[in-house]
Amino acid sequence: MSITLLLFAALVLLYCGTGGNKALLVMLASVVVGWALDGFSLASLMFGGVVLALLLVLLIPNKFRRERLSRPLLHWVRGMLPTLSETESEALRSGSVDWDGDLFSGHPDWARLLELPHASLSAEEQAFIDGPVTTLCSMIDDWSMTNELFDLPQEVWDYIRHEGFFGLVIPREYGGKGFSQTAHSEIVMKLSTRSVSAAVTVMVPNSLGPGELLMEYGTDEQKEHYLPRLSGGEDIPCFALTSPVAGSDAGAIPDKGIVCMGEWQGEQVLGLKVTWNKRYITLAPVATIIGLAIKVYDPEQLLGADGTIGVTCVMVPHDLPGVHSGARHLPMNTVFMNGPTWGTDVFIPMTQVIGGQDMLGKGWTMLLECLSIGRSVSLPALATGAGKVASLTTGSYASVREQFGRSISQFEGVQEALEPIAGYTYMMDAARLLTTSMLDRGVRPAVPSALLKYRNTDLMRVVVNHAMDVVAGRGVIIGPRNFMARIYQAIPIAITVEGANILTRSLMVFGQGAIRCHPFIVEEIEAAGMEDETQAVARLDAVFYRHIAHTIRNVLRSLVLGVSGGRLESVPGQGNIQPYYRQLSRFSAAFSVLTDVTLLTIGGGLKARQRLSGNMADCLVRLYYASAVIKQWHEEDYPEFERELVEWSLQTCLVELQAHMREVIDNFPVKILRWPLRVFLFPLGSVRLRRPADALGTAVAQSIVKDSPIRDRIVRGTYASDEPADSLGRVLHAYRLANNTRELRSVLHEAIRERDPDDLDSIALLMGHQREELVNWAIDQQLVGESDREVLLEALTALYDVIRVDAFDAEGIKKLAECTPGARQVVERK
């Protein structure tokens with residue numbers, strides 16, 4: 001009995017996460033109770049005492065444990081844990097862990113999530129969005145830009161400069177706006193609903209240019225000189241990382257800088273002779289300051305150091321001899337400035353190293369810190385904007401487009417497409433805001449930024465493809481009327497840049513997150529990497545047994561929560577969504593177990609197991625997005641009109657989460673572990689989770705069709721025009737008029753349906769372009785009054801106009817051809 005009680009007490013303590021002296025007292029008390037129940041028999045005293053002693057040896061640091069257990073374990077750990085390159089080690093040391101750490105822990109603190117400060121805008125930031133951002137959107141004619149000018153109009157460039165769009169996050173003391181990252185995200189998102197090219201032009205200097213690096217690492221002299229010039233648009237920055245061969249892998253770039261003496265402004269100074277060849281660089285064709293990531297070497301040891309110094313970030317003025325830029329790429333026919341840049345033996349002084357000479361060799365860490373900021377803002381905002389404009393336009397178009405006398409929004413097949421447009425857009429927005437709130441709290445979310453970029457751009461593809469299915473031929477024909485074409489063409493850009501989604505999913509999200517966010521793995525890797533054996537053993541001894549307790553605890557939590565359906569988990573009661581909290585807690589525990597088992601059995605082989613890593617990344621994505629939806633609903637005070645969207649999002653996340661987790665288990669590389677994993681993580685088999693029911697899906701689809709508060713919430717932050725001559729305004733104008741005349745048109749439709757099938761005149765009225773005849777007929781039949789003539793005619797005209805597409809005569813096609821650049825030679829450096 002003493003052994004049984006002791007083991008039971010140990011398991012309960014592990015499950016509850018109780019340790020220290022309290023745990024020791026509980027175990028000792030359980031043994032004493034067991035002895036008493038056994039009548040203090042010799043066998044009970046002996047066996048109970050032995051088991052207690054063994055547990056104490058494992059729990060309390062001591063020489064025997066350190067020398068007899070931890071020292072042999074060190075060699076095993078060195079063989080099992082992944083070996084990290086210097087680049088990967090720097091990646092782990094940069095950035096911060098926030099809510100992603102809770103999800104990896106297996107025991108997310110939901111109360112803490114709800115208490116975290118949420119993304120918000122100041123009055124000044126909101127005024128800027130309502131004023132200059134809206135004005136800038138109204139100045140943009142995307143068709144003219146992309147098919148005639150192949151550039152932003154000069155007045156748009158001037159307005160961007162004058163209104164400080166290039167200095168959104170630069171502090172006010174340097175002439176910038178000093179806005180929050182949430183405001184930065186909202187601005188990019190709104191611009192993207194009008195023009196991808198304009199949004200990219202604004203977002204890159206604020207998130208991926210030298211400005212961010214200068215703010216974080218620049219010398220005082222560099223900040224005082226460059227930041228005011230960048231804020232006012234006097235200097236246009238770009239940052240060049242991608243090389244033709246190495247891609248964006250800074251550890252493998254061939255671009256170099258050789259430490260040497262050279263002439264700068266008439267003086268001999270210490271500097272770098274820089275050679276580079278970069279491509280896909282946004283703003284490079286117009287940049288006056290070219291930021292570069294290069295590897296620095298000191299073959300003559302002028303700095304007194306080793307020959308190889310490492311990755312370094314520098315700034316090169318565009319007008320130096322030997323600098324080549326100005327040629328352009330055309331990414332999927334969007335017209336934001338993008339192109340190659342190269343140079344050979346271009347000399348710059350050490351003052352052009354970002355952060356000065358002391359920052360030589362520290363460029364990779366600098367990039368990782370700042371990339372986590374930019375990657376959290378730019379493309380996630382653009383993708384969310386695409387979802388919002390797709391929701392706004394497609395929902396409106398589906399509402400007013402009629403077939404067989406009915407709005408196509410009533411067709412279940414169309415609703416199946418509208419449903420994910422609305423639901424995924426809501427989820428993208430929630431995840432975007434959760435991540436920008438981290439940035440505004442000073443967090444550098446390396447893992448959330450990667451998963452957000454991957455998932456939001458992937459959902460952008462899903463949403464826009466569904467939108468194209470709904471608008472059908474209306475979305476296929478290119479021309480000034482098309483409101484979806486440019487977003488559709490831009491999808492591959494978002495998928496590819498800032499880390500291609502394939503590699504982000506299969507290598508970065510889980511590969512880095514499993515180590516960075518794990519409460520113990522980083523310390524174990526550091527211990528394994530120590531050269532001093534005694535120090536390594538002591539370091540491992542201090543962490544390894546806590547790791548084992550952590551793993552056992554999550555195994556127990558997964559088993560118990562799996563059997564109980566999560567009912568034993570204490571969760572917040574707000575919103576009446578406790579079942580979702582409990583399932584998410586249960587899956588978080590299972591995810592943590594899978595993470596530990598993967599690292600301890602596959603270890604360094606994880607990089608080659610990209611299917612496994614990709615499915616684990618997808619598990620984390622669903623946990624994160626479900627958390628974001630809950631957080632967003634909480635911050636908006638649980639409005640009931642959002643419940644259907646919230647429940648749709650949570651149900652979708654849970655179903656997909658379970659599917660990816662089962663995929664991991666069913667294909668786990670160590671086959672002997674598949675059965676135990678199924679038993680402990682899914683003790684009763686797969687949870688009876690189902691995708692949202694048809695009724696819920698229909699309600700979500702209708703959320704972007706009907707003029708309602710939930711529609712306003714989904715499309716919040718978009719640029720909206722009601723101007724009939726505008727591609728977007730044409731749809732919204734027709735939508736407004738259709739809603740205003742719904743009853744009148746219903747009378748018309750009913751009368752036409754009941755017409756004499758042999759009446760040729762009434763049949764002719766069904767032709768969409770015979771609007772005046774139709775209205776005259778309706779008045780003659782006393783279906784509507786004379787006072788309704790103008791408003792009904794205006795609505796019918798708008799409804800016909802919204803389905804029309806562009807057609808170009810021979811002269812029009814010739815003019816388009818004349819606007820296309822004739823020179824198609826490749827000017828990228830060979």
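The values are calculated or read from the model by the stated rules, or taken from the named source; none is laboratory data. Because the structure is a prediction, the values reported are computed rather than measured. No Cβ is skipped: glycine too gets one built from the backbone with ideal geometry, and neighbour counts run over all protein chains shown. We work out accessible area using only protein heavy atoms, side chains counted, and drop any ligands, DNA or RNA first. Shrake-Rupley method; radii C 1.70, N 1.55, O 1.52, S 1.80 Å.
Points worth noting:
- Sole exception among (1) closer than 21 Å to Ser592 by Cα; (2) surrounded by fewer than 19 Cβ atoms within 10 Å (Cβ to Cβ) for Asn576, by number: (1)
- Filtered residues of the range 336-371 (kept if closer than 15 Å to Ala287 by Cα, open to solvent by 10 Å² or more (accessible area, probe 1.4 Å) and out of contact with any Leu (no Cβ under 9 Å at 6 or more places or on another chain)): Trp342
- Single unsatisfied condition, His118 versus (1) under 27 Å from Asp637 (Cα atoms); (2) modelled with pLDDT of 95 or more; (3) open to solvent by less than 50 Å² (accessible area, probe 1.4 Å); (4) not acidic (Asp, Glu): (2)
- Lone qualifier among Gly247, Gly251, Gly233 - being more than 18 Å from Leu371 (Cα to Cα), surrounded by fewer than 24 Cβ atoms within 10 Å (Cβ to Cβ) and either of a type in the set (S, T, N, Q) or at pLDDT below 95 (or both): Gly233
- Within the range 105-149, being of a type in the set (A, V, I, L, M, F, W, C) and without any contact (Cβ under 8 Å) to a residue 24 or more places away in the chain holds for Ala123, Ala127, Met139.
- Residue within the range 199-217 that is outside any helix (DSSP H, G or I) and within 30 Å of Ser138 (Cβ to Cβ) present: yes
- Of all residues in the range 200-222, those satisfying the criterion of being surrounded by fewer than 18 Cβ atoms within 10 Å (Cβ to Cβ) and over 28 Å from the mean Cα position of the chain (by Cα) are Thr219, Asp220, Glu221.
- Residue list for the range 274-309, restricted to those being of a type outside the set (Val, Ile, Thr) and touching a helix residue (DSSP H, G or I) at 6+ places or on another chain (Cβ under 7 Å): Leu283, Gly291, Ala293
- Scope the range 661-672; condition surrounded by fewer than 15 Cβ atoms within 10 Å (Cβ to Cβ) and part of a helix (DSSP H, G or I); matching residues: Asp666, Lys671, Ile672
- Every listed requirement among (1) open to solvent by 20 Å² or more (accessible area, probe 1.4 Å); (2) part of a helix (DSSP H, G or I) is met by Ile258 save one, (2).
- Qualifying residue in the range 573-589 (condition: outside any helix (DSSP H, G or I) and over 26 Å from Ala450 (Cβ atoms)): yes
- In the range 322-335, the residue that is nearest to Ala490 (Cα to Cα) out of those that are open to solvent by 10 Å² or more (accessible area, probe 1.4 Å) and part of a loop (DSSP other than H, G, I, E, B) is Leu330.
- Residue in the range 778-821 that is nearest to Met145 (Cα to Cα), counting only those that are assigned to a loop (DSSP other than H, G, I, E, B) and among the β-branched types (Val, Ile, Thr): Thr820
- Complete set of residues in the range 777-806 that are within 42 Å of the chain's Cα centre (by Cα) and open to solvent by less than 40 Å² (accessible area, probe 1.4 Å): Ala795, Leu796, Ala798, Leu799, Asp801, Val802, Asp806
- Hey, Thr393 buried (at least 24 other Cβ atoms within 10 Å of the Cβ), within 17 Å of Asp469 (Cβ to Cβ) and not aromatic (Phe, Trp, Tyr) or not: yes
- Residue within the range 279-298 that is surrounded by fewer than 16 Cβ atoms within 10 Å (Cβ to Cβ), modelled with pLDDT under 95 and of a type in the set (A, V, I, L, M) present: no
- The set of residues from the range 705-717 being assigned to a loop (DSSP other than H, G, I, E, B), open to solvent by less than 80 Å² (accessible area, probe 1.4 Å) and closer than 12 Å to Tyr426 by Cβ comprises just one member, Val715.
- Of the residues making up the range 681-704, those that are in a helix (DSSP H, G or I) and crowded, with 20+ Cβ neighbours inside 10 Å are Leu681, Gly697, Ala699, Val700, Ala701, Gln702.
- Selection of first residues in the range 454-465 that are at pLDDT below 95 and of second residues that are buried (at least 24 other Cβ atoms within 10 Å of the Cβ), restricted to Cβ pairs under 6 Å at least 6 apart or on distinct chains, gives an empty result.
- Filtered residues of the range 157-172 (kept if touching a Leu at 6+ places or on another chain (Cβ under 9 Å) and surrounded by fewer than 24 Cβ atoms within 10 Å (Cβ to Cβ)): Tyr159, Ile160, Glu163, Pro171
- Of the residues making up the range 494-523, those that are surrounded by fewer than 21 Cβ atoms within 10 Å (Cβ to Cβ), of a type outside the set (S, T, N, Q) and part of a helix (DSSP H, G or I) are Ile495, Ile502, Leu503, Leu507, Val522, Glu523.
- In this structure, His225 does not qualify as in a loop (DSSP other than H, G, I, E, B) and open to solvent by 10 Å² or more (accessible area, probe 1.4 Å).
- The one condition from (1) open to solvent by 10 Å² or more (accessible area, probe 1.4 Å); (2) part of a loop (DSSP other than H, G, I, E, B) that Gly479 does not meet is (1).
- Whenever a residue of the range 202-228 is free of Cβ contacts under 8 Å to residues at least 40 places away in the same chain, it has no partner that is aliphatic (A, V, I, L, M) lying with C-beta atoms less than 7 angstrom away and at least six residues away or across chains.
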